[in-house]
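Reviewing the structure listed below.
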Amino acid sequence: MESIRHFLSLDDFSLAELNHVIAHAIGLKASTKRGHYATPLKHKTLAMIFEKASTRTRVSFEAGMTQLGGHAMFLAPQDTQLGRGEPIEDSARVISRMVDVVMIRTFEQAKVELFAAHSRVPVINALTDDYHPCQLLADLMTWREQRGSPQGKTAAWIGDGNNMCHSWMDAARIFDFHLNISCPQGYMPRADIIARNQAFVTVCSSPAEAIKDVDVVVTDTWASMGQEHEKKAREVAFADYQITDELMALAHQDAIFMHCLPAYRGYEVAASVIDGPQSVVWDEAENRLHAQKALLEVLVCGFPAVLSAP
């Protein structure tokens, strides 16, 4: 019996497998635009476990399962015993006997890893405090659509050294591009993740240094979910880290701007940038749908035999 594959971080797939998912996502997107829908997940069920709320994650996974012919089941914190009255191991054993794939959006990476270790079906990390691999699939798909292969190119991460920054660093190593990082003191990414990707990452002293001559500019909200009590302090610390027109002018002339959303104009990004011609955030947001459809399909149905396991 083939072993169960999970997607808890980008490193769970090989480069060939990630490229396959992205290429398949681009194909699924084109088919959807023509009104053609394959239904490889007919009679399959996705359990969506949310301990953190989200607009894009719920809509994209639920719509994606519908388009693939399956069903998505939304489970809010009050709907499950996950980590409350019942051990996570037991929840995993029970839920995975009733559904075909599980998506979890929570706080601790250890929680999705523990669930996956006791699941009989594939488990997807739809965001933890450490990683956001599903967003990176959409981001890399968008990069490929807009500017071709990321190999040998340079991106800049400006802002909080958070889960998105961690996944972007892993992506730089896996896809062979360079990532410049500029974060305020006290808000740097984890040192061990920097060390793991050190050959592909440069920590810069300022946003201007990080963004100079890059191909892609990426940022995120200054205060993520669960950090609302830090909002005022973060606004002070990040005051010089807004992506403005002046900052974008330092990047390559055809550089694109990305943001995983929700965005706060006048804080991490100027309205003229996110609503301007270099912004690809709306394509990026839509691509969550198509990238996750491709991900669901390979996890449930398997990769083509020609692709070797990592």
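Kindly check whether there is at least one residue in region 227-244 that is surrounded by fewer than 21 Cβ atoms within 10 Å (Cβ to Cβ), in a loop (DSSP other than H, G, I, E, B) and modelled with pLDDT under 95.
Looking for residues that are surrounded by fewer than 21 Cβ atoms within 10 Å (Cβ to Cβ), in a loop (DSSP other than H, G, I, E, B) and modelled with pLDDT under 95, one finds at least one in region 227-244, hence yes.
Among the residues of region 1-50, how many are over 17 Å from the mean Cα position of the chain (by Cα) and either surrounded by fewer than 19 Cβ atoms within 10 Å (Cβ to Cβ) or charged (D, E, K, R) (or both)?
The total comes to 23.
Listed here are the residues, each with its yes/no results for (1) buried (at least 23 other Cβ atoms within 10 Å of the Cβ); (2) small (G, A, S); (3) within 24 Å of Y187 (Cβ to Cβ); (4) in contact (Cβ under 8 Å) with a residue 60 or more places away in the chain.
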residue: T57; (1), (2), (3), (4): no, no, yes, yes
residue: F61; (1), (2), (3), (4): yes, no, no, yes
residue: Q109; (1), (2), (3), (4): no, no, yes, yes
residue: R120; (1), (2), (3), (4): no, no, no, yes
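Among the residues of region 147-159, is any in contact with an Asp or Glu (Cβ under 6 Å, 6 or more places away or on another chain), of a type in the set (D, E, K, R) and in a loop (DSSP other than H, G, I, E, B)?
yes
If only one of V280, V300 is at pLDDT 95 or above and over 17 Å from R147 (Cα atoms), which one is it? Full working, then the answer.
Numbers: V280 fails: over 17 Å from R147 (Cα atoms).
It is V300.
Do any residues in region 242-264 that are within 14 Å of K212 (Cβ to Cβ) have Cβ atoms under 8 Å from those of residues that are in a loop (DSSP other than H, G, I, E, B) and basic (K, R), where the two are at least six apart or on different chains, and which pairs are they?
What qualifies is L250/K212; A251/K212.
If I go through region 66-81 residue by residue, how many of them are more than 18 Å from V94 (Cβ to Cβ), surrounded by 17 or more Cβ atoms within 10 Å (Cβ to Cβ) and either without any contact (Cβ under 8 Å) to a residue 24 or more places away in the chain or under 21 Å from the mean Cα position of the chain (by Cα) (or both)?
Result for region 66-81: 3.
If a residue has to be in contact with a helix residue (DSSP H, G or I) (Cβ under 7 Å, 6 or more places away or on another chain) and in a loop (DSSP other than H, G, I, E, B) to count, how many in region 67-117 make the cut?
Here the count works out to 6.
Pairs needed: first member in region 141-164, over 15 Å from V280 (Cβ atoms); second member anywhere, hydroxyl-bearing (S, T, Y); C-beta distance under 6 Å; at least 6 residues apart or different chains.
As it stands, the answer is I158/S182; I158/T219; I158/Y241; G159/T219; G159/Y241; D160/Y187; G161/Y187; N163/Y131, since those pairs meet every condition given.
Residues checked against (1) part of a loop (DSSP other than H, G, I, E, B); (2) in contact with a Phe, Trp or Tyr (Cβ under 8 Å, 6 or more places away or on another chain):
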site: G276; (1), (2): yes, yes
site: R288; (1), (2): no, no
site: K293; (1), (2): no, no
site: L299; (1), (2): no, yes
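What number of residues in region 82-107 are under 20 Å from F13 (Cα atoms) and loosely packed, with under 14 Cβ neighbours inside 10 Å?
Taking region 82-107 first, the residues under 20 Å from F13 (Cα atoms) are 100-105.
Narrowing the set further to residues that are loosely packed, with under 14 Cβ neighbours inside 10 Å leaves none.
Residues flagged as under 20 Å from F13 (Cα atoms) and loosely packed, with under 14 Cβ neighbours inside 10 Å within region 82-107 amount to 0.
In this structure, does R105 turn out to be over 20 Å from the mean Cα position of the chain (by Cα), at pLDDT 95 or above, charged (D, E, K, R) and over 13 Å from E297 (Cα atoms)?
On the way: over 20 Å from the mean Cα position of the chain (by Cα): no; at pLDDT 95 or above: yes; charged (D, E, K, R): yes; over 13 Å from E297 (Cα atoms): yes.
Spelling it out, it is not the case that R105 is over 20 Å from the mean Cα position of the chain (by Cα), at pLDDT 95 or above, charged (D, E, K, R) and over 13 Å from E297 (Cα atoms).
The values are calculated or read from the model by the stated rules, or taken from the named source; none is laboratory data. This one's a predicted model, so the numbers in the text were calculated from it and none came from an experiment. Cβ coordinates were reconstructed from backbone atoms using ideal geometry, including for glycine residues, and neighbour counts include every protein chain displayed.
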